[in-house]
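The values are calculated or read from the model by the stated rules, or taken from the named source; none is laboratory data. Computed from a predicted structure; not experimentally measured. Methodologically, a virtual Cβ is constructed for each residue, glycine included, from the backbone with ideal geometry; neighbour enumeration extends over all protein chains shown.
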Amino acid sequence: MNRGPLVSVEWLAEHAKDPNVQIVDVRWYLVGKSGADEYAKGHLPGAVFVDLGRDLAGDPARGPGRHPLPDAAAFAATLARLGVREDTLVVAYDDSGGSQAARMWWLLRYFGHPGGRVLDGGIGAWVAAGHPLVQDVPTVEPAPPLGLRPGGAGVVDKAAVARLRGADPRDAVVLDARARERYEGRSEPVDARPGHVPGALSAPFAENLTAPGGTFLPDEALAARYRALGALDAKTVVCYCGSGVTACHDLLALALLGREDALLYEGSWSDWSRDASLPAETHSP
């Protein structure tokens, strides 16, 4: 059974060879491993590897943050290479509960393509269901580049987030999708400063899942989680993370609950933390 942009292993096993379905492997690691190497060791049949830094982000030198959004022409070229047409369903998966796959889903939505999907449970659920992995790289016929336009999903910058600080929770809620130890400033492996945007609430993407790397919680449990954070009632909801990637997981969870208007802080903590003029908190509100 599918839930909005989430597709089940059962559905994908049945539809993997459909000509309008393209499976993409977006495994990525902050340190220690290479997504390309993991893909080479074994991936879903028919899956093409997508590099998060090269294909799902722009040049970090121009910012904001470590994974700025790609421009429309660059993303259109990526989709063309993947054979994606207007009616293609792009099913993304990873091995971390959708934390990178959600970025692919969100970018497709941002650029006006309705076909973004995420494999619920990712490669782990595929293997657990008894389906094989392969090492062969499929040959994909390129498609004509699509005429993409940004704006299908909302984006904000650090100035907008700064204006929302201290707002009445009924008006605005800012959610931090990173692990709690990074939110609280107890660990910061990559960015300029530890801590979080003052006033932001901790909403680790991993808590959207039934288990680490697992499937999404049922809608009732997700609704209870985000209602407790005020995210179902606030007029404005903004999600951020380290660089704008795993925040898309919270945006996906909110979309499942009907909050498709939630916004991404593009540069996220990697953008905020490098600006010494902006404050940081290292405790929970």
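Checking each residue of region 245-257 against the condition of being in the same structural domain as Pro169 (by TED's automatic domain parsing), in a loop (DSSP other than H, G, I, E, B) and of a type in the set (Gly, Ala, Ser) gives no match. Take the conditions (1) within 19 Å of Ala13 (Cα to Cα); (2) in contact (Cβ under 8 Å) with a residue 12 or more places away in the chain; Gly130 misses just one of them, which is (2). Looking for something at negative phi and assigned to a loop (DSSP other than H, G, I, E, B) - is there at least one such residue anywhere in region 101-109? Among the residues of region 101-109, not one is at negative phi and assigned to a loop (DSSP other than H, G, I, E, B), which makes the answer no. Residues in region 153-183 that are within 16 Å of the chain's Cα centre (by Cα) and free of Cβ contacts under 8 Å to residues at least 40 places away in the same chain: Ala179 alone. Residues that are surrounded by fewer than 22 Cβ atoms within 10 Å (Cβ to Cβ) and over 25 Å from Gly97 (Cα atoms) within region 240-285 comprise Arg274, Asp275, Ala276, Ser277, Leu278, Pro279, Ala280, Glu281, Thr282, His283, Ser284, Pro285, listed in sequence order.
Kindly indicate the residue of region 112-127 that is in contact (Cβ under 8 Å) with a residue 60 or more places away in the chain and part of a helix (DSSP H, G or I) and also surrounded by the most Cβ atoms within 10 Å (Cβ to Cβ) among those meeting that condition. Ranking the qualifying residues of region 112-127, first place goes to Gly122.
Let's see how each residue does on (1) surrounded by fewer than 16 Cβ atoms within 10 Å (Cβ to Cβ); (2) in contact with a strand residue (DSSP E or B) (Cβ under 8 Å, 6 or more places away or on another chain); (3) in a loop (DSSP other than H, G, I, E, B):
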{"site": "Ala159", "(1), (2), (3)": "yes, no, no"}
{"site": "Arg163", "(1), (2), (3)": "yes, no, no"}
{"site": "Gly166", "(1), (2), (3)": "yes, no, yes"}
{"site": "Val174", "(1), (2), (3)": "no, yes, no"}
{"site": "Glu181", "(1), (2), (3)": "yes, no, no"}
{"site": "Arg186", "(1), (2), (3)": "yes, no, yes"}
{"site": "Pro189", "(1), (2), (3)": "yes, no, yes"}
{"site": "Ala192", "(1), (2), (3)": "yes, no, yes"}
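A single entry from Leu209, Leu229 fulfils the requirement of being in contact with a Ser or Thr (Cβ under 7 Å, 6 or more places away or on another chain), of a type in the set (A, V, I, L, M, F, W, C) and in contact (Cβ under 8 Å) with a residue 40 or more places away in the chain: Leu209. Among the conditions (1) within 16 Å of the chain's Cα centre (by Cα); (2) closer than 19 Å to His249 by Cβ; (3) not aromatic (Phe, Trp, Tyr), Arg54 misses just one, which is (2). Within the option set Leu222, Leu209, Leu252, being in contact with a helix residue (DSSP H, G or I) (Cβ under 6 Å, 6 or more places away or on another chain) and more than 24 Å from Pro64 (Cβ to Cβ) holds for one residue only, Leu222.
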